[in-house]
Amino acid sequence: MVLGGRLGKAYDPLQPVLCMDEQPVQLLKETQVPIAATKQHGKRVDYEYERNGTASIFMFAEPLSGFRQATARERRTKVDWAIEVAQLLDTRYAACAKVTLVCDNLNTHTKGAFYEAFPPDRARAYVKRIEFCYTPKHGSWLNVAECELSCLTSQCLSDRRIGELPLLQSEIGIWADKTNAKQRGVDWQFTIDDARTKLKQLYPKIKSG
C-alpha cells in the first residue's frame with residue numbers, strides 16, 4: 001500500500017500526493033420559479049422538476065496540505081480525465097518533477113489517456129511526471145478523494161436542484177475555495193500493517209510450486 005506510506009510522511013510540496021475521484025451527477029431544472037424565503041416560511045420549491053442531462057464531477061485532493069479542487073465536465077472520458085490532470089500539472093504542480101496520483105482502476109485512468117488527449121511529446125512529458133498509485137479493487141474507499149466527494153455532496157449538493165453545468169461548476173468551485181481557506185487536512189491513520197491485516201483478501205494470492 002504505497003498510499004499509507006506516503007501519507008505517513010511530512011508534506012513535501014515538490015513531491016505531493018494527489019488523490020482523485022469522479023462522481024456523476026444529474027442536472028435538474030426547476031419547472032416553476034421558487035418562492036423566496038420569508039420570516040414566516042422557508043424557501044418553497046415545487047415538487048416537479050425537469051431532467052437536463054448529466055455531468056461528471058472531478059475531485060482532486062491533497063491530504064497532507066488540505067488542498068482540494070472540484071471541477072465538472074459534461075463527460076468523464078479518457079480525454080476529459082487527462083485534461084483535468086494536465087491542468088493541475090501545468091499550474092499548481094508546474095515546479096514538481098514527480099506527482100503521486102492516487103486513483104481507482106477505472107479504465108479511463110491510464111497513461112494512454114494522455115496520448116488520446118495530447119500530441120505524443122506532450123503526453124510523454126506528462127506521464128513521466130506521474131507516479132500512478134491504484135487503490136485495490138473493492139478498496140476504492142482508501143482514496144481520500146472519495147471522502148472529499150462525500151463531503152462535497154452533503155455540504156453543497158444535497159437537497160438542491162442544479163440544472164446547468166456552468167452553475168454546477170461555480171457552486172462546487174465556491175465549496176472548494178471555502179474548504180481550502182479552512183486548511184482542513186486529513187489525519188490518515190490507516191497504516192501499511194493495517195492494510196496487510198484487514199485487506200489481505202484484496203491482495204493477489206501467490207501460489208507456490
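Being among the polar types (S, T, N, Q) and in contact (Cβ under 8 Å) with a residue 40 or more places away in the chain is the filter here, so list the residues in the stretch 82-114 that pass it. Outline the logic, then answer.
Of the residues in the stretch 82-114, the ones among the polar types (S, T, N, Q) are 87, 91, 100, 105, 107-108, 110.
Across the stretch 82-114, the qualifying residue is only Thr100.
Within the set Gly112, Gly66, the sole residue that is surrounded by fewer than 17 Cβ atoms within 10 Å (Cβ to Cβ) and on the phi > 0 side of the Ramachandran plot turns out to be Gly66.
Every residue in the stretch 155-176 that is among the small types (Gly, Ala, Ser), over 15 Å from the mean Cα position of the chain (by Cα) and at pLDDT 95 or above, please. Passing the criteria: only Ser170.
Within the stretch 142-185, the set of residues being part of a loop (DSSP other than H, G, I, E, B) and touching a helix residue (DSSP H, G or I) at 6+ places or on another chain (Cβ under 7 Å) comprises Ile162 only. In the stretch 1-30, of all residues being surrounded by fewer than 12 Cβ atoms within 10 Å (Cβ to Cβ) and part of a loop (DSSP other than H, G, I, E, B), the one that is modelled with the lowest pLDDT corresponds to Lys9. For the stretch 127-139, the criterion of being at pLDDT below 95 and over 19 Å from the mean Cα position of the chain (by Cα) is met by none of the residues. Under the condition of being out of contact with any Leu (no Cβ under 7 Å at 6 or more places or on another chain), more than 14 Å from Arg129 (Cα to Cα) and surrounded by 18 or more Cβ atoms within 10 Å (Cβ to Cβ), the residues counted in the stretch 70-107 number 9. For the stretch 75-133, the set of residues classified as assigned to a strand (DSSP E or B), among the β-branched types (Val, Ile, Thr) and under 15 Å from Phe58 (Cβ atoms) consists of Val102 only.
The values are calculated or read from the model by the stated rules, or taken from the named source; none is laboratory data. Worth saying up front: this structure is predicted, and the values here are computed from it rather than measured. Here the Cβ is made from the backbone with ideal geometry for all residues, glycine too, and neighbour counts use every protein chain on show.
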